[in-house]
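A short write-up of the structure that comes next.
The values are calculated or read from the model by the stated rules, or taken from the named source; none is laboratory data. Not measured: the values here are computed from a predicted model. Cβ placement follows ideal geometry from the backbone for every residue including glycine, while neighbour counts extend to all protein chains displayed. Remember, those area values only see protein heavy atoms, side chains included, never the ligands or the DNA or RNA. Shrake-Rupley method; radii C 1.70, N 1.55, O 1.52, S 1.80 Å.
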Amino acid sequence: MLVVEGVGAAYGMSQVLSEIALTVAAGEAVALLGRNGVGKTTLLRTIVGLHAANAGRIAFDDDDIIRLPAFRRARLGIGYVPQGRGIFPQLTVEENLSVGASSLDGRKPSMTADAAPLYDLFPTLARLRSRKGGVLSGGEQQQLALARALIGKPRLLLLDEPTEGIQPSIVQEIERVLGLIRSELGVALLLVEQHLDFAWSIAGRYYVMQRGTIVRTGTTATEGPDDVAPLLSV
Amino acid sequence: MSETTLVAGQLFNGISVASILLLAALGLALSFGLMRVINMAHGEMLMMGGYLTYLSIAVFGKGAGFAVGLVVAFVGTALFGALLEITLIRRLYGRPLDTLLATWGVSLILQQAARSIFGPIGVEVTAPPWLSGTLSLGGTVMTGFSIPGVRAFIIVLAAVVLGAVALIIARTRLGLLIRAVHENRPIADALGANTRLVDLAVFALGTGVAGLAGSALSLIAPVTPTVGQSYIVYAFLVVIVGGLGSLTGTLVAALLIGVFSATAQIATSQSFSDVLLLLCVIIFMQFRPRGIVSQGSRALEET
């Protein structure tokens, strides 16, 4: 479903990604691992369309999307939960969701019909629907960021450290929801994660990045977190 | 004419000037707040609105002409703004200095075009009969004080437009996307919002409102090729004092600046009142560098 081939990207003159090759099949969950600063977030941003690639090919369902602006990619079915969650602080929970529904191409979202399943999935958000995004706790914001990506009915969801700075009970909740959206909705996941246990509980395959390129890949069924830990330790 | 009526009259003039400033500044505040674009040709949108009003009256006559002129001025300048956004401004995003120079060039071209078409001397727009009366408040301390119909109309027009813009931003789908893009453009983009279309709509709305300001202005002053220039500086002051991208701030700042210059002119000359105004703005900016309402400019520090 997602095929990344030979992709490179730069900040100004410094090349931060080179020769990235990565695939995610429909309904699959893949973890992207690596230390801080190796380019994981940049890779996600490049796939989403927020950072320009300067080499290679990105295909989604056989369409070459590398030249498309971010909103077109979102409308093709790529959802994004950014690092730091990216909630609009002055918009209410409901309004945040409504912006997320922009990727339902060409039709006006109905907040009763489109938002209802997400309020079922995240009962916390239903209670907070008229609160401003900026006053929510980190865990609530993370749930909102997930719901906001899901309301656009993505077929591939990119998650950038969804458990960063979040209390354990919410991490479990997020794990449950990610499992649910894979099994119930068949959404594929590409997950950037620091916590290996969390990554292993969700993903079937993994990639490890070092200095802007992919150095190792494997399946979580045959290898344990200990096998990749040396590549990630500081 | 007593002292009170003189002051009241100037105060009223100040508020009507403030109304035009508000309309002129609304578009600037919107497009700078959202797109970080400084449009030097914004003053010429006033000028264009004025000439479009003049043409409408020439075609449709005195009575209906002005009403048609308001619509033509809004639609015409909005369309021109859209054209400008697509052909020029969109290509210069993230390059504020280039945008500044390019739009300044557009401003010069438009001024010269107006000079070639309409001549260097202004054209007069006579107020339609339904606006030419006055409201007088006789029999009170305000004896001798009367409100000209055109000035009252300008104030009402500005209030209606401000209300409409506020409603669009607070209640419509477009408004929601405007607020989202204002807070976090990349995320809005990644969520599927067509941010370029939002930019285009905001820019066209802003220039259209400036066209309306020009239409209103034509009621109280002749329309000249450089009429925009005399208002654009004040409009920029309003945006800066008001705080970026805040409607409330823009409203308060327009009132302050309009009333300030009108009342200062009771005591002194036009140019000295400008000196005083600029001094006050400079001092004000020392204490509140982000303007009256600073919430909207958070995006500036984060980028």
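By DSSP, what percent of the beta bridges with both residues in the protein assembly as shown are antiparallel, rounded to the nearest 5? Taking every DSSP beta bridge with both residues in the protein assembly as shown, the antiparallel ones total about 60 percent. Taking amide H positions as modeled 1.01 Å from N, with prolines and chain starts lacking one, the residues under 5 Å from A:Ile214 and 5 or more places away or on another chain are A:Ala21.
Its alpha carbons give region B:1-144 an Rg and a Dmax of 19.1, 61 Å. Probing with 1.4 Å while keeping every protein chain in the model, the per residue accessible area of region A:3-91 equals 39 Å². A dipole drawn for region B:3-229 from +1 and -1 charges on Cβ atoms has a positive end, and of B:Thr172, B:Ala67, B:Ser107 the residue lying farthest that way is B:Thr172. Projected onto its three principal axes, the C-alpha set of chain B covers 64, 48, 35 Å, listed from the longest axis down.
Treating only the Cβ of Lys, Arg, Asp and Glu as charged (+1, +1, -1, -1), what charge dipole size does region A:112-163 show about its Cα centre? Round to the nearest 20 debye. In debye, rounded to 20, region A:112-163 gives about 200. Stokes-Einstein diffusion for region A:60-121 at 10 °C, viscosity 1.306 mPa s, with a Kirkwood radius from C-alpha pairs, works out to 120 µm²/s.
Among A:Ala221, B:Gly94, A:Gly27, flag the residue with its Cα farthest along the positive direction of the charge dipole of the protein assembly as shown, charges on Cβ as +1 for Lys/Arg and -1 for Asp/Glu. With unit charges placed on the Cβ atoms, the residue in question is B:Gly94.
May I ask for the percentage of alpha-carbon pairs in region A:91-199 that lie more than 15 Å from each other? Of all Cα-Cα distances in region A:91-199, 62 percent exceed 15 Å. Buried surface between chains B and A: roughly 1900 Å² of accessible area, summed over both sides, computed with a 1.4 Å probe on protein heavy atoms only. Normalising the average separation of contacting C-alpha pairs (under 8 angstrom, six or more residues apart) by the number of residues puts the relative contact order of chain A at 29 percent. Per-residue Karplus couplings for region B:155-168, computed as 6.51 cos²θ - 1.76 cosθ + 1.60 with θ equal to phi - 60°, are listed in order as 5, 4, 4, 4, 5, 5, 5, 4, x, 5, 5, 4, 5, 4 Hz, Gly and Pro entered as x.
Tell me, Kirkwood radius of region A:24-99 from alpha-carbon pair distances, in Å? Kirkwood hydrodynamic radius for region A:24-99: 14.3 Å. Round to the nearest 10 and give me the degree value, 0 to 90, for the angle of helix A:138-150's Cα axis relative to the longest principal axis of chain A. Helix A:138-150 and the main axis of chain A meet at about 90 degrees.
Shown are A:Lys40, A:Lys132, A:Lys108, B:Lys62, whose ranking by accessible area with a 1.4 Å probe and every protein chain present, most to least, is A:Lys108, B:Lys62, A:Lys132, A:Lys40. Ordering A:Val81, A:Asn36, A:Thr112 by the projection of their Cα atoms onto the charge dipole of the protein assembly as shown, which places +1 on the Cβ of Lys and Arg and -1 on the Cβ of Asp and Glu, puts A:Thr112 at the extreme positive end.
The angle between the Cα long axis of helix A:168-185 and the main principal axis of chain A comes to about 90°, on a 0 to 90 degree scale.
Element breakdown for the protein assembly as shown at a 1.4 angstrom probe: carbon and sulfur atoms account for 62% of the accessible area.
A 1.4 Å probe run over the protein chains yields, for region B:3-229, 40 Å² of accessible area per residue, whole-number rounding. For the pair region A:170-189 and region B:102-119, the centres of their Cα atoms are 60 angstrom apart.
Reported to the nearest whole Å, the Cα centre-to-centre distance from region B:174-208 to region A:94-147 is 19. In the full protein context, region A:101-171 carries 42 Å² of accessible surface per residue, based on a 1.4 Å probe and ignoring ligands, DNA and RNA. For chain A, the percent of C-alpha pairs falling in each 10 Å distance bin, counted from 0 to the bin holding the largest distance, reads 8, 33, 37, 19, 3. Neighbouring Cβ atoms from other chains, within 10 Å of the Cβ of residues in B:149-156, number 0 on average. Legend: Rg and Dmax of the protein assembly as shown, from Cα coordinates, 28.1, 97 Å.
Compute the angle between helix B:96-118 and the longest alpha-carbon principal axis of chain B, please, reported from 0 to 90 degrees and rounded to the nearest 10. With both axes taken from Cα atoms, the answer is about 40 degrees. Rounded to the nearest 20, the size of the Cβ-charge dipole of region B:3-229 about its Cα centre is 400 debye, with Lys and Arg at +1 and Asp and Glu at -1. When only Cα pairs below 8 angstrom with a gap of at least 6 residues are kept, chain B shows a relative contact order of 36 percent.
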